[in-house]
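**Student:** Have a look at this one.
The values are calculated or read from the model by the stated rules, or taken from the named source; none is laboratory data. All of these numbers come straight from a predicted model, not from anything done at the bench. Cβ atoms come from the backbone with ideal geometry, glycine included; neighbour counts cover every protein chain shown.
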Amino acid sequence: MGFLRSRKRDVWSRWKAGQSLHEIGALLETDDSKLARRVYEALAAIEQRLLSPIEPGSDEEKALKTAQKLLTVIKAEKLDQQA
C-alpha cells in the first residue's frame, strides 16, 4: 500500500524543511505499539538539535518548533491517554 500524493508531498516538504526521519516517522506512525517509541525518539532528536546554535527565526528553527508542538500534541492525545 503506497502513500497518497498529498502524504508524499507532506513528507517531502517536511524533509526539505529539515525535519529528521525520526520526526517524520513519528508523525506518520499508525501502529500504536510503535508510536510511543517514535514520538520519544523524535522529541529527543529535536532536543539534541536545539542544543546547537540555530539562526533565530530561520526556516529550520520554525520547522523544529512546529514538529515539537505536533509531537507534544500526539503524545498528549494518544500516549498520555493510554497510560
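**Student:** With respect to residue 71, is the statement that it is touching a residue at least 24 places away in the same chain (Cβ under 8 Å), in contact with a Leu (Cβ under 6 Å, 6 or more places away or on another chain) and farther than 13 Å from residue 18 by Cα true?
**Tutor:** Yes; evaluated as a whole, the condition is true for this residue.
**Student:** So which residues in the stretch 31-83 are surrounded by fewer than 14 Cβ atoms within 10 Å (Cβ to Cβ) and of a type in the set (Val, Ile, Thr), if there are any at all?
**Tutor:** Selection gives 72, 73.
**Student:** Just for the stretch 12-30: of the residues that are more than 10 Å from the chain's Cα centre (by Cα) and at pLDDT 80 or above, which one is surrounded by the most Cβ atoms within 10 Å (Cβ to Cβ)?
**Tutor:** My answer is 18.
**Student:** Mind listing whichever residues of the stretch 31-66 are under 16 Å from residue 78 (Cβ atoms) and within 10 Å of the chain's Cα centre (by Cα)?
**Tutor:** Once the filter is applied, which keeps residues that are under 16 Å from residue 78 (Cβ atoms) and within 10 Å of the chain's Cα centre (by Cα), the stretch 31-66 yields 38, 39, 40, 41, 42, 43.
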